[in-house]
Amino acid sequence: MSSNGLITVASRFSVSETLDRLTTAIISAGLLVFARIDHAKGAEEVGLKLRPTELLIFGNPKGGTPLMQDKQTAGIDLPVKALVWEDEEGKVWLTYNEAAWLAARHGLGASSKKAVEAIEAGLAALALSIN
């Protein structure tokens, strides 16, 4: 488990293309896309600059509900989020929360263990889809 609960994976594509590829993989996996937020566009609209940064919110109630049944506070971290961003050197990254970290954060128990493991495996597989 990482110290801050974040997993970051390099992408060889632009922010937009990385998120498009991730979205396609998410939909193909039968998950729902709830929102796509362009933080750089939002910054531009208020006269501020931000390197390309987009957030995707996605999931499936069948996967997340067991976590909330165990501890409802898990709902603050659900649906799952993925951030695609460009660093100061122009490199693109995908960052998401580690499911085991979320389980530890909320003190999830045995009743949601299989769901946490499935979310972790699913996120890892989705991360592979960007390259």
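The values are calculated or read from the model by the stated rules, or taken from the named source; none is laboratory data. Treat the numbers as computed from the prediction; the structure is a model and nothing was measured. Virtual Cβ from ideal backbone geometry, glycine too; neighbours counted across all protein chains shown. Ligands, DNA and RNA are stripped out before the accessible areas are found, and what is left, the full protein with its side chains, is counted by its heavy atoms. Shrake-Rupley method; radii C 1.70, N 1.55, O 1.52, S 1.80 Å.
Remarks
- Of all residues making up segment 98-119, the number that are buried (at least 18 other Cβ atoms within 10 Å of the Cβ) and either among the charged types (D, E, K, R) or touching a Lys or Arg at 6+ places or on another chain (Cβ under 7 Å) (or both): 3
- Meets criteria (in contact (Cβ under 8 Å) with a residue 12 or more places away in the chain and touching a Phe, Trp or Tyr at 6+ places or on another chain (Cβ under 7 Å)) for residue 37: no
- Among the residues of segment 1-36, just one is surrounded by 13 or more Cβ atoms within 10 Å (Cβ to Cβ), within 17 Å of residue 97 (Cβ to Cβ) and more than 12 Å from the chain's Cα centre (by Cα), namely 31.
- Any hit, segment 73-84, residues being among the small types (Gly, Ala, Ser) and either on the phi > 0 side of the Ramachandran plot or at pLDDT below 95 (or both): no
- Being open to solvent by 30 Å² or more (accessible area, probe 1.4 Å), touching a Phe, Trp or Tyr at 6+ places or on another chain (Cβ under 7 Å), without any contact (Cβ under 8 Å) to a residue 40 or more places away in the chain and among the charged types (D, E, K, R) is a condition met by no residue of segment 82-95.
- The residue of segment 45-75 that is surrounded by the fewest Cβ atoms within 10 Å (Cβ to Cβ), among those that are outside any loop (DSSP other than H, G, I, E, B) and small (Gly, Ala, Ser), is 75.
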